[in-house]
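Chemist: Mind having a look at this structure? Questions to follow.
The values are calculated or read from the model by the stated rules, or taken from the named source; none is laboratory data. The structure displayed is predicted, hence computed values, not measured ones. When we count neighbours, we look across all protein chains shown, and the Cβ atoms used for this are built from the backbone with ideal geometry, even at glycine. The protein model used for the area step is the full one, side chains on, heavy atoms only, and it has no ligands, DNA or RNA in it. Shrake-Rupley method; radii C 1.70, N 1.55, O 1.52, S 1.80 Å.
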Amino acid sequence: MLRPTKHSHPDRTVIYVSLRLLARLKALRLDDYDGLRKFAKKAVPGGDVLFLPALNFLYLLGLIEYRPKTDAMEYVGPNEAI
């Protein structure tokens, strides 16, 4: 379970990085893996470490899908993944 503690900095958590990535994907609809990784590294201190857990979190929620042919992540919305 992802639960922040009193020692967690609010801007350096998996949930925050997921929020930033989701906002970018909602705006662009489709972004390549490397572009998202660079965005996370630039937008959040320590974002390169939290990038993969944040992507996994969004995928498990059914909000994004991976497109292997283009090596890109696509925003599919809350109800379109099922």
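Chemist: Only residues in segment 28-45 that are over 20 Å from VAL76 (Cα atoms) count as the first member; pair them with residues that are outside any helix (DSSP H, G or I) and open to solvent by 60 Å² or more (accessible area, probe 1.4 Å), Cβ under 8 angstrom, at least 6 apart or cross-chain, and list the lot.
Modeler: Cβ pairs passing all conditions: VAL44/ASP11; VAL44/ARG12; PRO45/ASP11; PRO45/ARG12.
Chemist: Based on what the data block shows, is LEU58 closer than 18 Å to GLY77 by Cα and within 10 Å of the chain's Cα centre (by Cα)? If you could, list the steps in order and put the result at the bottom.
Modeler: Working: closer than 18 Å to GLY77 by Cα: yes; within 10 Å of the chain's Cα centre (by Cα): yes.
Yes.
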